[in-house]
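Nothing in this text is a laboratory measurement; each read-out follows from the coordinates by a stated rule. Everything numeric here is computed off the predicted structure, so don't read it as measured data. Neighbour counts run over all protein chains shown; Cβ positions are idealised from the backbone, glycine included.
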Amino acid sequence: MMDRWAENRKREDGLSESAAQGKKEGGDQAGRTAGETAGVSTEAGIRAAVSHFEVLLREQLLRQQRMEEGEAAVDYSEKARITIGLIDGDGIGPVIMREARRVLEKLLADEISSGRVVLRKIEGLTIENRLALGKAVPDDVLEAIKSCDVLLKGPTTTPKGGSLESANVTLRRELDLFANVRPVTVPEEGIDWIFFRENTEGEYALGSRGVELPGALTMDFKVTTDAGTRRIARAAFEYARRNGKKNVAIVTKANIMKKTDGMFSRIAHEVAADYPEIEAEDWYIDIMTANLVNPRLRSRFQVFLLPNLYGDIITDEAAQIQGGVGTAGSANTGSRYAMFEAIHGSAPRKIEAGEGEYANPSSILKAAEMLLRHIAMTEQADRLHNALEICLETERGVIVTGHRDGARCAEFGDYLLEKL
Ligand code: NAD
């Protein structure tokens, strides 16, 4: 169904289309007049917002119905040909992706030469191209992405404000990548965590489609669906069962977000009932952020299950405990597609400081390991895992600090290739 927000604003209060669009996007305020925030114009704004909300509700209901129908996951061990799309991204993306490509080419040399695996470079997901076309993911890029089975993606820049949606949010929605899985380990402290973050709902589903009564208020929407929660909860408890984990922490703010987080917690417990050997515990996100830096408590946690925004924030905290965002990889998986990436962004300040070549590639290399496991190339994933362990123990002093005082990204790549 078409979104009529801008159209309604234009029709009901006589604003020009560009001014109405500017208001929708929270950017251009040029078309606003003094009387517009009160009286008749405010009434028109409210009516437009209400009909916009109806559109959103209907769209989300349709999405919930589609999810209920479900889709079987791809069995990669049976697949004759697997296409891995490689996307450089922005900022330090091309630097770390260069090493990831070299590693995949070496690990998958046999499969590439036999045609079982194809590495396909996907161009055009750059901030320059996206801004020029005004599209979070340009149509031809999305088509190229959909021709692949799995993706390894460098970080992409999202401008603050404006209307350009994050490429990641768009891809997660378009490819229905509902599970964001982020492992964090600190063996010497007994930390072995894995986070299951819901990846398509919460504050992100409609993040660029909130409403604004200019000069008066803005309102964004948070979405939790039954089917969306059930499938991420199932993924977390299945993982726990398959990996002998005994505890899943369900982390919400259900005391405040009573509808959305309340439903997330309730459904998570319904799913948990199918896994009686696993303890399901409720935690609030605020105290959980404190728990992660509490050395007396933190090693007791194993699997975390969280709505989108909390998962986004707390996994950066967890990565920092592991050694920094440059050390953590993540998987975005759905039934049909999967995308693997570093958890960090494009580090524009590092580029500005001329330190891009010193970026740490272990984040994207850990993501590459997760990709290999996902496509059932376990032996290659183990080889990468073991080589990374050796290199990160820095027996020969190839230490990447992210700055000029450390090794370059490419030096670490050379070292890793030696150890594979
Ligand atoms: P950032 O993750 O890019 O950087 C945070 C800090 O971590 C910076 O000090 C940076 O130098 C450092 N850092 C990041 N990766 C590193 C690496 N591999 N090695 C060494 N140091 C590293 O976060 P930000 O500055 O908030 O975001 C920059 C841009 O990235 C924004 O446009 C944001 O929207 C985008 N972003 C994209 C993704 C993604 O594509 N998955 C994720 C997060 C942020």
### Task
Using DSSP, restrict attention to beta bridges with both residues in the chain and report what percent are antiparallel, rounded to the nearest 5.
45 percent
## Note on the structure
Taking only the alpha carbons of the chain, the radius of gyration and the largest Cα-Cα distance, Dmax, both in angstrom, are 22.7, 72
### Qualifying GluC sites (Glu not before Pro) in the range 221-296, DSSP loop, other Cβ atoms within 10 Å at most 12
Glu277
### Which listed pairs, of Lys160/Lys258; Lys259/Lys366; Lys160/Lys222, have C-alpha distances above 26 Å, in listed order
Lys160/Lys258; Lys259/Lys366
### Query
the range 264-363: which trypsin sites (Lys or Arg not before Pro) are DSSP loop and have at most 10 other beta-carbon atoms within 10 angstrom?
Arg296
### Task
Note down the nm distance, to one decimal, between modelled labels 7 Å out along Cα→Cβ at Lys246 and at Ser147.
5.1 nm
#### Entry: Simple spin-label estimate for His269 and Ser299 in nanometres, 7 Å along Cα-Cβ
3.1 nm
### Message
Helix-only estimate, please: 222 nm mean residue ellipticity of the chain, summing -39500 (n - 2.57) across DSSP H runs of length 4 or more and dividing by its residues, to the nearest 500.
### Response
-14000 deg cm²/dmol
### Query
Shape call for the range 95-231 from the C-alpha gyration tensor, a ≥ b ≥ c root eigenvalues: rounded (a/c under 1.5), prolate (a/b greater than b/c) or oblate?
oblate
